[in-house]
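Shown next, in C-alpha cells, is the structure this report addresses.
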Amino acid sequence: MTNVYLAGPFFDDEQISRIERAEKALAANPQVNRVFSPRLSEIAGLTMGTPEWATQTFQMDVHQIDEADVVVALVDFVDDQVDSGTAFEIGYAFHSDKPIIVLHEKDTILNLMLAEGLHAYLQKAESLAAYDFTNLPRVIITEKSFRRQKSIWPTAKCFFNEHHRGTARPLCREY
C-alpha cells in the first residue's frame with residue numbers, strides 16, 4: 001500500500017475543485033494507503049499567517065514528503081505558471097528520490113524542469129483512481145502531448161534567451 005503526498009495550490013474555487021477531485025480519485029484507488037493533503041491538514045491552535053504557524057506548517061509538510069512513497073503534484077495554477085509552494089514540494093521530492101506523478105489538466109505549457117523531473121504524467125484527476133501505485137509505471141510526455149501544449153521546449157529556449165538578456169522572466173510564449 002502506497003502513502004501519497006498530494007501537492008498543489010488551493011487558493012481559489014477552481015484549484016480547490018481540482019485538488020478535491022484528486023483527493024477523491026486517490027481515495028478510490030485500492031493501492032493507496034494514505035493521502036496527505038496539506039489542504040486538509042491545518043495545525044489546530046495556530047493562527048494562519050503567524051511565524052509559528054509558518055514554521056510548523058513547513059516542518060509538517062516536509063516531514064510528510066519524507067514519509068510518502070510518492071508525490072502527486074497538481075501543476076495547474078495561473079496560465080502556465082506553477083504555484084511556488086508546489087514547485088518547492090516537487091523539487092524537494094525529486095531531490096529525495098521520490099517518484100513524482102504530475103497531474104496537468106489545463107491546456108498550458110509545462111515547464112521544462114517539471115517535465116524532466118517527473119515519473120508519470122497524467123492529464124485527468126480521475127486517472128489517479130486507476131494508476132498502478134504498486135508498480136509505478138512511467139508515463140512520459142509524448143510528442144503528441146508536446147504539440148497539445150504548444151511544446152515545452154520553445155519555452156525553455158525563450159527562458160534562456162530572456163535571462164541571457166538580463167530580464168527577470170520570459171517575455172515570449174512560443175515560436
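Can you give the alpha-carbon Rg of segment 1-116 over 2.2 N^0.38 Å, where N counts its residues?
1.04
So if I take the centroid of the Cα atoms in segment 20-35 and the same for segment 52-124, what is the distance between those two points in Å?
17 Å
Modelling each spin label as a point 7 Å along the Cα-to-Cβ direction, I'd like the Thr50/Lys106 distance in nm, to one decimal.
Each label point is offset 7 Å from its Cα along the Cβ direction, giving 3.4 nm.
Take the solvent-accessible surface of the protein heavy atoms, probe 1.4 Å, and return the percent of it on segment 1-47 that carbon and sulfur atoms account for.
The value for segment 1-47 is 52 percent carbon and sulfur by accessible area.
Can you tell me, using C-alpha contacts under 8 Å and at least 6 residues apart, the relative contact order of segment 1-99 as a whole percent?
Reported relative contact order: 39 percent.
So if I restrict to the alpha-carbon atoms in segment 25-84, what is the Rg, and what is Dmax, the biggest pairwise distance, in Å?
13.8, 38
Starting from segment 24-116, pick out the GluC sites (Glu not before Pro) whose DSSP state is loop and whose Cβ has at most 14 other Cβ atoms within 10 Å.
Those satisfying the criteria are Glu42.
Which whole-Hz couplings ³J(HN,Hα) result when phi for each residue of segment 11-19 is put into the Karplus expression 6.51 cos²θ - 1.76 cosθ + 1.60, θ = phi - 60°, listed in order with x for Gly and Pro?
9, 9, 4, 4, 5, 5, 4, 5, 6
The values are calculated or read from the model by the stated rules, or taken from the named source; none is laboratory data. Quick caveat: nothing in here was measured; it's all calculated off a predicted structure. A quick note on method: Cβ atoms are made from the backbone with ideal geometry, for glycine too, and the neighbour counts reach across all protein chains shown. The area values use the complete protein model at the heavy-atom level, side chains included, leaving out ligands, DNA and RNA. Shrake-Rupley method; radii C 1.70, N 1.55, O 1.52, S 1.80 Å.
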